[in-house]
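Accompanying notes for the structure given below.
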Amino acid sequence: MHLQIHPEVAQALDAGRPVVALESTIISHGLPRPDNLRVAREIEQSVRDGGAVPATIAVVAGVPCIGLDDEALATIANDDAVVKVSVRDLGTLVAKAGHGATTVAATSHLAALAGIEVFATGGLGGVHRGARETWDESADLTTLSITPVAVVCAGVKSILDVHATLERLETLNIPVLGYRTDRFPGFYLADSGYALDWRVESAAEVAAVMHARSALECDGGLLVVNPVAQADELDRELHDRVLAAGLAAADQADVHGKDVTPFLLEFFHTATEGRSLEVNVALVRSNATLAAAIASALRA
Ligand code: PSU
Ligand code: MN
């Protein structure tokens, strides 16, 4: 198979030890330089502290890599040639031997190929506001519906249409489990304003759901939503103000397609003078820790 699995990851997979996949679009297009490289390392460390082996996934010089060494991680963080790749771009990028940072969709696909069952990220992509006209819905949703991986995230960002995203998750048979919450988290905020049907209290409970689903041949992915700690969340008034301004700016700049999410993320980081970045880092690290616990529970 044309995957390069980092030796540490390969050993862990062979021995049946817990492994957690991490995405790379967040490094290249979701977080500003130069903090992004440091944060990428911190997220990996959170997985290790939780007792699992991190496998950051990206395409380096046309090779899909499962687990990155320092040099590859630095390339993804700093090289201007790195493009954002979803599942549909993978084949083309490999054929052209390019560098690519994988979205939640592409990361899930490659993780499943490598036999990794748990994946931690910040926010899932979803249905964009105005999707009725633009048809802008992230391939994260359709990919997750057919890809056997548990994605741990802090919900979806309020830059999206949260209500429509929840409806699509239902249509696509993607279960959403609230980790110690009854509310769908709103990424920068602990509560998006929407209720959840299912709540779990422990990593072991998530593992039990995954085992039951696999026995029933419910083959797609699963979402575990983990709210940012209330102490870490963004000030609501600041959030609402920046969101309105960001959406207007995206409209004005005529941003569309895969540039929308990175544009709005950067707008947030700049407009909140780094505060949204702190929240982003806190929630991804918390998701990495939880993902490690779930990967461990699956092996128990
Ligand atoms: N949410 C974040 N940070 C990110 C992304 C989402 O909080 O960096 C990235 C993820 O890689 C996700 C992608 O898969 O944006 C979704 O992009 P799009 O909406 O173009 O599918
Ligand atoms: Mn899109």
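If you scan the range 172-182, which residues turn out to be in contact with a Leu (Cβ under 9 Å, 6 or more places away or on another chain) and not in a strand (DSSP E or B)?
L172, I174, P175, T181, D182, listed by residue number.
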*How about the range 183-196: which of its residues are in a loop (DSSP other than H, G, I, E, B) and in contact with an Asp or Glu (Cβ under 9 Å, 6 or more places away or on another chain)?*
Y188, L196
*Can you name every residue in the range 252-300 that is β-branched (V, I, T), assigned to a helix (DSSP H, G or I) and either open to solvent by 60 Å² or more (accessible area, probe 1.4 Å) or within 16 Å of ligand 2 (Cβ to nearest atom) (or both)?*
V260, T261, T270, T289
*Mind listing whichever residues of the range 26-55 are open to solvent by 20 Å² or more (accessible area, probe 1.4 Å) and within 16 Å of ligand 2 (Cβ to nearest atom)?*
I26, H29
*asked:* Consider the range 184-233. How many of its residues are among the charged types (D, E, K, R) and under 17 Å from V156 (Cβ atoms)?
replied: 3
*Just give me the residues in the range 151-185 being of a type in the set (K, R) and within 17 Å of L265 (Cα to Cα), in sequence order.*
K157
_Set A106, A150: member being modelled with pLDDT of 95 or more and either hydroxyl-bearing (S, T, Y) or within 13 Å of ligand 1 (Cβ to nearest atom) (or both)_ = A106
*asked:* Any residue at all in the range 105-113 that's more than 28 Å from H269 (Cα to Cα), crowded, with 21+ Cβ neighbours inside 10 Å and touching a residue at least 60 places away in the same chain (Cβ under 8 Å)?
replied: yes
_Within the range 82-96, tally of residues that are open to solvent by less than 60 Å² (accessible area, probe 1.4 Å) and in a loop (DSSP other than H, G, I, E, B)_ = 2
*Members of the range 232-242 that are closer than 19 Å to A282 by Cβ, part of a helix (DSSP H, G or I) and either among the basic types (K, R) or in contact (Cβ under 8 Å) with a residue 40 or more places away in the chain (or both)*: D232, R236, H239
_Among the listed residues E217, E205, identify the single one that is open to solvent by 60 Å² or more (accessible area, probe 1.4 Å), assigned to a helix (DSSP H, G or I) and acidic (D, E)._
E205
_Looking at A150, A139 in this structure, which one is aliphatic (A, V, I, L, M) and more than 16 Å from ligand 2 (Cβ to nearest atom)?_
A150
*Using beta carbons and a limit of 7 Å, which pairs, at least six apart or on different chains, have the first residue in the range 172-184 and in the same structural domain as L196 (by TED's automatic domain parsing) and the second one basic (K, R)?*
G178/R199; T181/R199; D182/R199
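The values are calculated or read from the model by the stated rules, or taken from the named source; none is laboratory data. The structure presented is a predicted model; accordingly, all values stated were derived computationally and were not measured. All Cβ positions, even for glycine, are placed from backbone atoms using ideal geometry, and neighbour counts span all protein chains on display. Side chains are part of the model used for accessible areas, which takes the heavy atoms of the whole protein and leaves out ligands, DNA and RNA. Shrake-Rupley method; radii C 1.70, N 1.55, O 1.52, S 1.80 Å.
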